[in-house]
Amino acid sequence: MRLGLTHDRGPGPLALMGTVTGGTTIVIAISIAVLIWVWAAGGRSESLLVNVGITAIMVIGYQVFVGNTGIVSFGHPAFVAIGAYVGGLVAVPSGIKSAILPDLPHWLMNLSVGFYPSILIGGAAAGLAALVVGPIVMRLSGATAGIMTFGLLVITNEVIRNLDQFTRGTQTFFGVPKASGLLDVYGLLCALTAVSLAYKFSRFGLRTRAARDDPLAAETSGINVVRTRVGAWVLSASITGVAGVLLAHQLTAFSPQSFFITMVIPVMVMAVLGGTASIIGGVAGVVVISAWLEFMRGIEGGSLFGLVEIPSIFGISQLTLGVGLILVLRLRPRGIFGSTEFAWRLSGSRPRDRDPDRGATQGQGE
Amino acid sequence: MGSPAAGRTSPAPALSALGIEKRFAGVTALDGVDIEVGQGETLGLLGPNGSGKTTLVNCVSGVVRPNAGRVLIDGIEIGHLSRDRRARAGLIRTYQNLRLFTDLTVAENIEVGLLAQRGRPREQRRNLVRRSLAEQGLEDVARLPVSELPYGAQKRVEVARALVSEPKVLLLDEPGAGLGSSETELLSEALRSARSRFSCAMLMIDHNVNLIMGLSDRIVVLSDGKVLRSGTPAEIAGDPEVISVYLGQVPQKLPR
C-alpha cells in the first residue's frame, strides 16, 4: 500500500475506498501531529490551533461548493453566522438565556442541548437556509452568481441584526459554553474531509464537476445543472454551518459583524493556494498559510524562537504572504494540488493506474 | 421536398423535426425544415456553410429554441422539454467544437454520459465505461485529465460519451472534422458497431462526403435554411443541383 496522487476515484469499490481514505489519512496524520504538539507544549498554542482547525473546516466547506461548481462564493460567512447563532442559541444554558434573551418563546427558553446536538442543529439550519435560497441563486452562473451570494450575506447579516428577540440584534451574543476542544474540532475535520471526498467522487459530485467544466454539454448529457449545484451548495453550507457552531463554542461571545466579508477572504486565499478543485489542497492551504503567518509573527515580534534577536518590521507577515501567493499562483495557476487528491493504491498496481501520478507532476501548469 | 414516408408506416419515426424555423436578428437560418429519421436509420445532413445544419441540430437538442416547429421522439412531442430532459428521453448529441469536461479524466467524461439515466447500478456503469474505453482504444489514458489528450483522442472521448448510454437518437455534428483518414476509419467503425448493437437512429453532419456516404441510409441536403434534396447517397451524389450548390460555395471540387 502506498499513497499517490490521483485525478479520479479509479475503477471499482476498493479504489473508491482508497481515494476517500487517502486524503483522510493525511488529515488524520496532521491532526495527530497537532495534538502531540499541543500536548508537548503543555497546551500553550491550543486556542490558536483550535481556530486553525475551525478555519480548515470552513475551507473544506468552501471547497465543496466552489471547487465542484466553479462558482466563487462571497456569501459563506452567512452560513458560519447561521451555524453560530442557531447552534449557540440552542446550547446556551436556560439560566443565562432568560437573562440575555428575555423575549424568547417558551420552548426555546427551556431548550438547552449539549455540544454535539448543537453542532447537528446548527449545521442543519445552515443547510436548510441554503436549500431555500439555492434554487434561485443556482440558476445564475459565473460572476453574477458570486455577487448574488454576497447579496445573501448582506441579507443574512441584516436579518441577524434585526432579530433582536433571538440574536440580541447588534449587541454581543454571549453565554455559549466554551466547548470546542482540540479533539472535537480535529475529529470533525477528519470526518468532514472524508464526507467531502466521498461527495466529490460520487455520481452527484461527478455531475456537479461536469456542469462546472461545461454547463451546456452537461445539460445535453442529461444533467440538471441547477439541481447538481444546489446539492453542492447545501452540503457546503452544512459543513460551513458546523464550523460556525464550533466557532460559537470557541468564542462564546460574538456579534453580527464577526461574520462578514472579511471572514471569507482568508478562506478563499487558502482554498485557491492549495487548489480550489482539491480537498487536500484546501487543507494544504490552511497548513501553509497558518504556519507562515505564525512564523512571520514571531519575526515581527522581533525574535526567532527566542534564539535570534532581529529588528521588528511591522506588516512583513502580510507582505510576504502576498508575494508568496503571487509566486505560487504564477508557477501553478491551479494551486498547489490542482484537482488531484491523495489515494491509497496497491503497490503492485498496473502501469495505467500509475498514469495519474505522472499527469499530476507534469501536466498542471496550463 | 420532404421525404417519402412510404414504407415507414407502423412505428413512428425515431426523430421528427417538423416545420422548424429559426431566425437570428432578421437572418433566417432555418425556413420550415422537415426532417424524419426512421428507427435505426442513419440520416446524413449535407449542405454548404451557413445552410443551417448546425442550427437544426441545435434546435432539435434544445441548445437554441426554434421560432416555430415541432420536435418528436418516437412520435412524442419533446419540443417543450429542457435540454437535460431531452437527453434523458434518449436524445444525445456531440459538438462540432469539442465540448468535453476538461478537468475530468477520460473515464469520468465517459461515465457522465451514463449519469443521465438514473438508478443505473454502479457496477453496471463501471462495466459499460470499461467496454466503451476498450472500443475507442482509450484504456491506457483512462485516468488522465481529458485536456492532456491529443485532438483525435479527445474526439473519440466525445463519441464514446455519446454512445455509452446507448441513446435512441444520436445527433453527430461533424464527428469527422479534423481527423486523419485512419482516425476517420475508426470513427466510422465505431458508429457502425454501435448501430448494429443497439440500433440507434443517427442524424449526422459532416463535410467528409466519404464518411457520410459510407454510413448514411439516406441523405438530406440543406441550402439557405431549406431542404434542397433528399434521397439515397447514390441519388444525391449524382444530383446536378446539389453539385452546383456546393460549387457555388467551394470552387475547387465537390467536397473531398
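The values are calculated or read from the model by the stated rules, or taken from the named source; none is laboratory data. Remember, it's a predicted structure, so these values are computed and weren't measured experimentally. Positions of Cβ are backbone-derived with ideal geometry, glycine not excepted, and every protein chain shown enters the neighbour counts. Surface areas here come from the heavy atoms of the whole protein model, side chains and all, with no ligands, DNA or RNA. Shrake-Rupley method; radii C 1.70, N 1.55, O 1.52, S 1.80 Å.
Worth pointing out:
- GNM top mover of B:Gly180, B:Gly152, B:Gly40 - chain B, alpha-carbon springs below 10 Å: B:Gly180
- The protein assembly as shown: antiparallel DSSP beta bridges as a percent of all, rounded to 5: 65 percent
- Burial annotation for segment A:1-24: residues with an accessible-area loss of at least 50 Å² between the isolated chain and the complete set of protein chains, computed on heavy atoms with a 1.4 Å probe, are A:His7, A:Asp8, A:Arg9.
- Among A:Val267, A:Val242, A:Val132, the largest mean-square fluctuation in a Gaussian network model of chain A, built with springs joining Cα atoms closer than 10 Å, belongs to A:Val132.
- For the pair segment A:1-75 / segment A:183-211, the C-alpha centres are spaced 10 Å from each other.
- Between segment B:169-246 and segment A:213-230, the alpha-carbon center distance in angstrom: 29 Å
- Prolate/oblate/rounded call for segment A:2-362, Cα gyration tensor, a/c under 1.5 rounded: oblate
- Chain-alone versus full-assembly comparison, segment A:218-253, residues with accessible loss of at least 50 Å² (1.4 Å probe): A:Glu219, A:Thr220, A:Ser221, A:Gly222
- Each 10 Å bin from zero up to the one holding the largest Cα-Cα distance in segment A:55-147 carries the following percent of pairs: 15, 39, 25, 16, 4.
- Computed E for A:Ile96/A:Thr320 - FRET, C-beta separation, R0 45 angstrom, nearest 0.05: 0.55
- Classified by the C-alpha gyration tensor, the protein assembly as shown has a prolate form. Its axis ratio a/c, with a ≥ b ≥ c, is 1.5 or above, and a/b is larger than b/c.
- Averaged over peptide B:145-157, the number of partner chain Cβ atoms lying within 10 Å of each residue's Cβ comes to 2.
- Protein heavy-atom accessible area occluded, A/B pair - total, 1.4 Å probe, Å²: 3300 Å²
- Calculated accessible area for the protein assembly as shown comes out at 41 Å² per residue, all protein chains present (probe 1.4 Å; ligands, DNA, RNA ignored).
- In segment B:91-166, the trypsin sites (Lys or Arg not before Pro) that fall in loop regions by DSSP, at most 11 other Cβ within 10 Å: B:Arg118
- Each Cα pair under 8 Å and six or more residues apart adds its sequence gap; the mean of these over the residue count of chain B is a relative contact order of 26 percent.
- For segment B:100-166, alpha-carbon Rg over 2.2 N^0.38 Å: 0.99
- Residue (of A:Met17, A:Ile28, A:Ile265) at the positive-pole extreme of chain A, dipole from beta-carbon charges: A:Met17
- Summed residue charge, Cβ within 11 Å of A:Phe115's Cβ, Lys/Arg positive, Asp/Glu negative: 0
- Environment charge of B:Glu135, counting only residues whose C-beta is closer than 11 Å and scoring Lys/Arg +1, Asp/Glu -1: +2
- Here the contact order of segment A:2-362, divided by its residue count and restricted to Cα pairs under 8 Å and six or more residues apart, works out to 32 percent.
- If R0 is 22 Å, the Cβ-Cβ spacing of A:Arg227 and A:Ser202 corresponds to a FRET efficiency of close to 0.95.
- Positions from segment B:58-88 whose accessible area shrinks by 10 Å² or more when the full protein complex is built, not the chain alone, probe 1.4 Å: B:Val63, B:Arg83, B:Asp84, B:Ala87, B:Arg88
- Note on chain B: with a GNM built from Cα contacts shorter than 10 Å, the maximum mean-square fluctuation among B:Pro175, B:Pro167, B:Pro11 falls on B:Pro11.
- Between segment B:147-161 and segment A:77-139, the Cα center-to-center distance that results, in Å: 49 Å
- Relative contact order, percent, segment B:100-166 [alpha-carbon distance under 8 Å, six or more residues apart]: 54 percent
- Accessible-area composition of the protein assembly as shown, carbon plus sulfur, in percent [1.4 Å probe]: 63 percent
- The calculated Kirkwood hydrodynamic radius for segment A:16-105 is 16.5 Å, given to one decimal from all distinct C-alpha pairs.
- The residue among B:Val64, B:Pro150, A:Leu197 whose Cα reaches farthest toward the positive pole of the charge dipole of the protein assembly as shown, with charges on the beta-carbon of Lys, Arg, Asp and Glu, is A:Leu197.
- Shape of segment B:88-136, Cα gyration tensor, a/c cut at 1.5: oblate
- Restricting the calculation to Cα atoms, segment A:1-60 shows an Rg/Rh of 1.13 when the hydrodynamic-style radius is the Kirkwood one.
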